[in-house]
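Take a look at the structure set out below.
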Amino acid sequence: MLCLKNALGFTLIEVLVAMGILSLGILGAASLQAKAMGYMQMAASQVSAAQLSRDLVGRMRANSSDPAILAIYGHEDGHENGHESGGDTPEPQRNCAAQACSGEQLAAYDLSQWLGKVKHRWKLASSTLLAMGEPEPSFILRIRWGAQSKNKGDCRSSARGFGDSGCWQTRAIF
């Protein structure tokens, strides 16, 4: 007769405990993967915002020889009254890629082209371009996208958002 006392194998309780531990590990890995995807999306949006802000600042620098033309990009009052965009992209009066333009027309064309790029990148987006006159001529550019697009004020680190929602702010000194 066989003795079952010395039988080798796993009991049902041991198998259930092992499966529970394995399940927790798999759920943890899935949660980590989801967070990593959100952070990747946030990083991609911030890189896009940095590239877009560099594009506009470059356009402004190319047109910065005349302070009156530079002022077209934003109002020189230092408040939230500068150039703001949250709606449709304005159509320029003249296509400066095909025709010769004055400085004012080029500034309007640059803004229109740049706002079109912002709207192409994010469905919900807003931008603010503020002229700051003191202590030296400069502009503060803010781009908000996703749920952050309705907010006002500075882009604080706590308001940067997660996933495809966030805020980017840069300052250009001329």
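A few notes on this one:
- Each residue in the range 131-143 was checked for being open to solvent by 10 Å² or more (accessible area, probe 1.4 Å) and in contact (Cβ under 8 Å) with a residue 24 or more places away in the chain, and 8 pass.
- Leading residue by the ranking (nearest to the chain's Cα centre (by Cα)) among those in the range 16-45 that are touching a residue at least 24 places away in the same chain (Cβ under 8 Å) and open to solvent by less than 50 Å² (accessible area, probe 1.4 Å): 45
- Qualifying residues in the range 46-64 (those that are touching a residue at least 24 places away in the same chain (Cβ under 8 Å) and small (Gly, Ala, Ser)) - the one surrounded by the fewest Cβ atoms within 10 Å (Cβ to Cβ): 50
- Filtered residue count, the range 88-114, keeping only those that are of a type in the set (A, V, I, L, M, F, W, C), modelled with pLDDT under 90 and open to solvent by 70 Å² or more (accessible area, probe 1.4 Å): 2
The values are calculated or read from the model by the stated rules, or taken from the named source; none is laboratory data. Keep in mind that what you see is a predicted model, and the values were worked out from it rather than measured. Positions of Cβ are backbone-derived with ideal geometry, glycine not excepted, and every protein chain shown enters the neighbour counts. Just the protein is used for accessible areas: all its heavy atoms, side chains included, with ligands, DNA and RNA removed. Shrake-Rupley method; radii C 1.70, N 1.55, O 1.52, S 1.80 Å.
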